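Worksheet for the structure shown next.
The values are calculated or read from the model by the stated rules, or taken from the named source; none is laboratory data. Computed from a predicted structure; not experimentally measured. Here Cβ is always computed from backbone atoms with ideal geometry, including for glycine, and neighbour counts include all displayed protein chains.
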């Protein structure tokens with residue numbers, strides 16, 4: 001082949017590679033756009049249903065109106081400047097103030113119109129002001145109230161789930177090599193214990209380690225008053241989170257080990273694994289390359305969805321241990337019927353769930369070579 005022909009062939013290959021790269025890039029962009037649009041619609045529907053349910057289809061407006069009338073009436077009657085006025089004039093002042101507050105809150109408009117305004121604000125994370133609750137700094141902004149409680153929940157649940165993930169994967173790998181051993185049978189026997197939620201075990205842990213043998217605090221996040229110094233403060237936090245951490249660990253560890261050990265056993269009997277063993281490859285290499293990697297997508301799916309699913313149990317668990325996180329916040333908001341705070345908590349949950357599902361799609365493409373973006377197969 002002459003030099004000009006070789007050069008033209010190289011240029012053609014480079015052009016084909018560039019066109020293939022652009023085609024793949026368009027497919028990835030199209031796939032990402034479709035997934036983001038689908039997740040956005042899902043979040044939209046979920047948040048709107050929450051707004052309708054939290055407002056009881058508009059019935060909460062009647063309760064809010066009665067509360068406004070009672071509050072303004074008490075303020076006017078307790079004001080010394082209105083003592084000498086006739087009752088008719090005081091009632092007129094109360095009615096005018098009530099009407100002004102109703103117009104400010106737009107309670108004179110149909111609920112269906114306001115519900116779409118609430119939806120637009122919630123999607124933009126403009127969560128408004130709480131009706132009853134406030135942050136420790138005195139702010140009534142829902143975003144500030146949530147941001148104040150979010151770190152405590154992330155610290156507790158993030159640590160617990162990371163610990164469960166690392167321990168369960170390691171133990172599951174060990175048990176997959178020792179099928180039928182006493183440890184394997186013990187995990188199978190203890191797997192049904194995960195049917196009980198974390199707060200159920202938490203009650204017994206408090207009874208044993210906080211009252212019968214008082215070696216750990218029964219609740220809270222830190223001593224009151226908080227200890228001085230960074231090390232002493234975090235040591236107190238560690239002591240207070242030990243029992244809730246242990247409760248969540250016990251409630252999920254055995255079923256996680258059992259599930260992932262089953263994944264490892266299934267993949268360890270595949271033909272390509274037997275071929276790798278026949279070639280004399282080290283067992284550690286076989287586990288890492290031929291067993292662990294193919295099982296990572298379902299394992300990570302289970303782990304991330306479990307992390308999000310634990311939010312449903314956060315309310316009771318944090319109440320049992322008096323942990324000042326989002327679960328306790330939502331429990332208090334439901335008790336106060338503070339609709340903006342309830343909606344704000346659900347919005348944060350919806351966004352976390354959507355981000356988790358989106359990350360799962362990306363992780364599948366990275367971890368599983370069988371997944372191809374844009375492929376019709």
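Taking the range 222-236 as the range and being surrounded by fewer than 18 Cβ atoms within 10 Å (Cβ to Cβ) and part of a helix (DSSP H, G or I) as the test, the residues that pass are 230, 231, 232, 233, 234, 235. Taken together, 142, 222 contain a single residue that is touching a strand residue (DSSP E or B) at 6+ places or on another chain (Cβ under 8 Å) and over 18 Å from residue 248 (Cβ atoms), which is 142. Scanning the range 203-254 for residues that are under 24 Å from the mean Cα position of the chain (by Cα) and over 19 Å from residue 156 (Cα atoms) gives a single hit, 254.
All of (1) in a helix (DSSP H, G or I); (2) surrounded by 19 or more Cβ atoms within 10 Å (Cβ to Cβ); (3) at pLDDT 80 or above hold for residue 314 with one exception: (3). Checked against the criterion of being within 23 Å of residue 333 (Cα to Cα), in contact with a helix residue (DSSP H, G or I) (Cβ under 8 Å, 6 or more places away or on another chain) and at pLDDT below 80, the candidates 104, 64, 149 yield just one match: 64. Checked against the criterion of being assigned to a loop (DSSP other than H, G, I, E, B), surrounded by 13 or more Cβ atoms within 10 Å (Cβ to Cβ) and over 27 Å from the mean Cα position of the chain (by Cα), the range 262-269 has no qualifying residue.
Is it fair to say residue 66 is surrounded by fewer than 11 Cβ atoms within 10 Å (Cβ to Cβ) and either in the same structural domain as residue 360 (by TED's automatic domain parsing) or free of Cβ contacts under 8 Å to residues at least 12 places away in the same chain (or both)? So residue 66 fits the description; yes. Of the helices (runs of 4 or more DSSP H) contained entirely in the range 77-184, those carrying at least 3 residues that are within 34 Å of the chain's Cα centre (by Cα) fall at 111-123, 142-177. Scanning the range 128-151 turns up at least one residue that is at positive phi and surrounded by 12 or more Cβ atoms within 10 Å (Cβ to Cβ).
Count of the range 156-180 residues, restricted to those that are more than 16 Å from residue 256 (Cβ to Cβ) and in contact with a helix residue (DSSP H, G or I) (Cβ under 7 Å, 6 or more places away or on another chain), is 3.
Among the residues of the range 260-271, is there at least one that is within 26 Å of residue 314 (Cβ to Cβ) and in the same structural domain as residue 323 (by TED's automatic domain parsing)? Yes, the range 260-271 contains at least one residue that is within 26 Å of residue 314 (Cβ to Cβ) and in the same structural domain as residue 323 (by TED's automatic domain parsing).
Could you list, in sequence order, all residues of the range 76-90 that are closer than 28 Å to residue 338 by Cα and free of Cβ contacts under 8 Å to residues at least 12 places away in the same chain? Those that are closer than 28 Å to residue 338 by Cα and free of Cβ contacts under 8 Å to residues at least 12 places away in the same chain: 78, 79. Would it be correct to say that residue 208 is part of a helix (DSSP H, G or I), in contact with a helix residue (DSSP H, G or I) (Cβ under 8 Å, 6 or more places away or on another chain) and surrounded by 12 or more Cβ atoms within 10 Å (Cβ to Cβ)? Judged against the criteria, residue 208 is not a match. Cβ-Cβ contacts under 7 Å between residues 6 or more apart (or on different chains), taken from a first residue in the range 1-28 that is outside any loop (DSSP other than H, G, I, E, B) to a second residue that is loosely packed, with under 10 Cβ neighbours inside 10 Å and at pLDDT 65 or above, are absent. In this structure, residue 294 does not qualify as assigned to a helix (DSSP H, G or I), in contact with a strand residue (DSSP E or B) (Cβ under 7 Å, 6 or more places away or on another chain) and surrounded by 18 or more Cβ atoms within 10 Å (Cβ to Cβ).
Candidates 373, 366: the one that is modelled with pLDDT under 70 and not in a helix (DSSP H, G or I) is 373. Against the definition (outside any helix (DSSP H, G or I) and surrounded by 20 or more Cβ atoms within 10 Å (Cβ to Cβ)), how does residue 241 come out, yes or no? In short, no. Here is a check on your reading of the model: is residue 258 assigned to a helix (DSSP H, G or I) and touching a residue at least 40 places away in the same chain (Cβ under 8 Å)? Considered against the rule, which asks whether it is assigned to a helix (DSSP H, G or I) and touching a residue at least 40 places away in the same chain (Cβ under 8 Å), residue 258 comes out as yes.
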